[in-house]
Every structure is written in C-alpha cells, then in structure tokens.
1. Suppose we look only past 13 Å in the calculated P(r) of region 110-150. What percent of the Cα-Cα pairs does that tail hold?
2. Report in % the part of the accessible area of the chain that belongs to carbon and sulfur, leaving out ligands and nucleic acids; probe 1.4 Å.
3. Could you calculate, for region 151-271, the ratio of the Cα radius of gyration to the Kirkwood radius, expressed as Rg to Rh?
4. Please name whichever of Val220, Gln256, Val143 sits farthest to the positive end of the charge dipole of the chain, dipole taken about the Cα centre and charges placed at Cβ: Lys and Arg +1, Asp and Glu -1.
5. With only alpha-carbon atoms counted, please give the Rg and Dmax of the chain, in Å.
6. Go through Met223, Met204 and list them by solvent-accessible area, largest first, probe radius 1.4 Å.
7. With unit charges on the beta carbon (Lys/Arg positive, Asp/Glu negative), name the residue among Val168, Ser157, Asn68 whose Cα is farthest towards the positive pole of the charge dipole of the chain.
8. Would you mind getting the accessible area per residue of region 188-271, heavy atoms of the protein chains only, 1.4 Å probe, in Å²?
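The values are calculated or read from the model by the stated rules, or taken from the named source; none is laboratory data. The model shown is predicted, which means the values in this text are computed figures rather than measured ones. Backbone-built Cβ (ideal geometry, glycine too); neighbour counts: all protein chains shown. Remember, those area values only see protein heavy atoms, side chains included, never the ligands or the DNA or RNA. Shrake-Rupley method; radii C 1.70, N 1.55, O 1.52, S 1.80 Å.
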Amino acid sequence: MTSLGEARALQVRLAKGESIRFHAKVDAVREEGEYRIVTATIPGSDPKLADEEITFSCHLDHPRPGANDNASGCVSILEAARTLKRLTDSGALPAPKRTIRFLWPSEIEATLILLNAYPELGERTKHVIHMDMVGGGPETKAVFRVSRGPKSTADVSGDIAWAITDFVNEHTLAFASGEDTAFPLFSPEGGREPLLAQHEWLDMGSDHDVFAAGSWGIPVTYMHDWPDRYIHTTKDVAANIDPTKLKRAAFIGAVQAAVLANLDDDDAGAC
C-alpha cells in the first residue's frame, strides 16, 4: 500500500523509462492474539427450534474510506436487526421461532476463526444472509446481485430470497415508472431508480464462501454490488452511497430472515 501521491510520482518516473527497484524488509513474529467479533441475537421463541439460527453477516474491515466496501453491508444488517426487533417487540411480526443472529466480523479470517473456535455455531446455523457492498449509487456503475451459493448446499431458502428480490424489483420498477404501488421502498434522501437486482448462483469473494464451504456446507444468500468502479479506491465515499438502495437491501434481508426463522420443519424441508 502507498499513498496516491507516491503512486502518481512513480507512474511519472516509469513513463519516462526509468527502472525502479523496491527493497523491503519485513519484521514479523508469531504470537497469541485475539479477534473481538461483534454479535447480537433476537432469541428464538420455540423451545424446539430456538437452538437453530438464521445468521446475518458482513465484514467491518475495508480499505479506507470503504463506504460501499463494506460499511454499506454493516449498516444494512444493523438496520435489519433494528427493524426486526422493533416489529417483534410491538407484535407487528410474530416472534421468530428460530434465533436470528447478526455478526460483524473482519472479512474471511475472523469468520474462519469463529467457526473453528465455536463449531457448535456452525452446526446451529441453518442459513446465512451475507451483505458485502449493497449501497452503490449510480455513480459507481454497480449492478446489484442476489446470489445463492453453490448448488451443493442449495435449498428452498434461496428460492425465498429470489422471490423477495422479484417482489422488490417489481414494485420499485412500478414506482420508478410513476405507477401507484404500496411498496416503493425509497428513502427521501436517496434515489428513485428501480432496483433491478440480478439472480445468480455461485459468486465468490466474501465471507459467505466460508459458511458455504465443504467444512460447514451452510446455505447462503449473498447480496452484493458488482462491478463497482470505486472499489478499494479513495472514491469509495459516502457521497456515492444511495440510501434507497441500502433500505431495499435491508428489506430483502429482513423479510427473508423473518420467513426462514418461522418456517416449520414440514415447510419443504427448508431448515
């Protein structure tokens, strides 16, 4: 990693035909450390199903400034948590039969450590809803995608995710077209474009890979923007985040979690 100014200066020297050689010295040690992983739960209400969990995941670490990658995913699952808690507390939604867990780890390595340190957590997890880059506005040229993971772990939970996505696509397109709809799902501070989210199967590159891997084989839903022309650059700033898109991502995740958390064992064997 280097500063943008240093990088530009090196590019100028290279363009002039200069040869540049780098030398690096690395001082490294192996010692004990720790990860402090933020987590919260909405406890399950059914004694027979409360030990099973529907899990939201994101990752806190990212190259600065990191507005879409991945502050967007972190705030979206926080909003899903706040909304689900408020709706269940008020009685507007039934209390979830299964526990709904929310995780804010660092990417990949902390998820690996978590599942290895607490194997019972992986055994309890029946589905993972992972959000990594879910807020890119039009400036980012991002395409929003809802992926299901490998077919080897597929179950009806992925069909539920796609059905909710189709619902949001339909209603947000109607809203953008000037039609009346009960679910415009927009923020006053955000855009009014349709979501037009794409369905996908396996799309790799974030923590959902860990959950879906052969060691655990957990079904996953992966919500993400790709491409995003500002990923890992100094232009990944809050000004390029669309509050409307964040709201829609949180909506898809919250609805899917509410459905999965209350499915009975005989509901198509989903959980």
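1. Summing the P(r) of region 110-150 above 13 Å gives 68 percent of all pairs.
2. Result for the chain: 55 percent of the exposed heavy-atom area is carbon or sulfur.
3. Details: Rg = 16.2 Å, Rh = 16.2 Å.
Here the Rg-to-Rh quotient is 1.00.
4. The residue sitting farthest along the positive end of the dipole is Val143.
5. Just the Cα atoms of the chain yield Rg and Dmax of 20.6, 71 Å.
6. On the way: Met223 0, Met204 130 Å².
Per-residue accessible area, sorted high to low, gives Met204, Met223.
7. It is Asn68.
8. Averaged over the residues of region 188-271, the accessible area is 45 Å².
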